[in-house]
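See structure below.
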Amino acid sequence: MWVILALTSALLLGCYDIFKKMSVASNNVLGVLFWNTFFCALLLCPFIIADFINGTPVFDGNPTAHLHILLKSAIVLVSWTLGYFSIKHLPLTISGPISATRPVLVLIGALLIFSENLNMLQSFGVALGFFSLFFISRLGKKESSAPRTSMWLWMAVGATLFGAVSALYDKYLLRIYEPIQVQAWYSLYQCIIMGTVIAIIRRFYAPARNTPFKWRWTIPCIAVFLSAADMAYFYALSDDSSMISVVSMIRRGSVIVSFAFGVIALHERHVKAKLLDLIILLAGLVLLVLGSR
């Protein structure tokens, strides 16, 4: 079941990347990010309210739990902020592959921290995934005028690093707390933190007001698809038999969705090479699924 949940999360995450790209194009990035956190909190607050109504607020009177969730919120917000700025200025065929390299870091962390072991099929699947992601990165560099010096490229790398830290931390949190409780509380804290940060920036940093915020229908779609993707992801990780290294690799299959959108809707280049790469990535995902049955 956790494999099916991971695949579902990957599909939803691909749609989330598309709506994110459409929302930040020629728009105020911090504004889009705040409304994303607001709608995520709005969607999940009923779960917090239900806990209090039922008299079972797990985090009530437990400051350690709130500190755990605050740390999770901070890590994700740093990753999102860097990721939103990078996806605004980079093609999906570059930002997507960089984000998709996250399983490499997660795998290293899973082996070192959680002592996970891969069987033969899973090992071949991960190897194909690594090869595919390397190939995609090489293709992406051809479309960047200065890939080694681009500030946006380094922001994408930073977002991936913090995303990997968040994924490993999720495995730890979900051994202690229920998935929906983690998701609901960290979404609420994200909204509060993001609102505070934006208020401070707009008060003391005038250039932040130069790019006006434009409302788009895609903005609430970001929150809907992200919340659904995270819910499937958290429940996949909460399964005692799940492996964070495999879940993370499957989840990064979302790059297939964003690449398809980039080619079909945005008319990005090197279509044949990218199609070959996606076939390799799909083969790796199939091996991971078969090896996890």
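Taken over segment 212-242, the criterion of being open to solvent by 60 Å² or more (accessible area, probe 1.4 Å) and among the β-branched types (Val, Ile, Thr) is satisfied by VAL224 alone. Taking first residues from segment 212-229 that are basic (Lys, Arg) and partners that are assigned to a helix (DSSP H, G or I), the Cβ contacts under 6 Å between residues at least 6 apart in sequence or on separate chains come to ARG216/SER23.
Screening ALA199 with (1) surrounded by fewer than 22 Cβ atoms within 10 Å (Cβ to Cβ); (2) in contact (Cβ under 8 Å) with a residue 40 or more places away in the chain gives one miss only, at (2). When every residue of segment 41-60 is checked against the conditions, at least one turns out to be of a type in the set (Gly, Ala, Ser), modelled with pLDDT of 85 or more and assigned to a helix (DSSP H, G or I). Residue-level check: of (1) modelled with pLDDT of 70 or more; (2) hydroxyl-bearing (Ser, Thr, Tyr); (3) in contact with a helix residue (DSSP H, G or I) (Cβ under 6 Å, 6 or more places away or on another chain), SER137 misses just (1).
The values are calculated or read from the model by the stated rules, or taken from the named source; none is laboratory data. Since we're looking at a predicted model, the values are computed, not measured. Here Cβ is always computed from backbone atoms with ideal geometry, including for glycine, and neighbour counts include all displayed protein chains. Ligands, DNA and RNA are stripped out before the accessible areas are found, and what is left, the full protein with its side chains, is counted by its heavy atoms. Shrake-Rupley method; radii C 1.70, N 1.55, O 1.52, S 1.80 Å.
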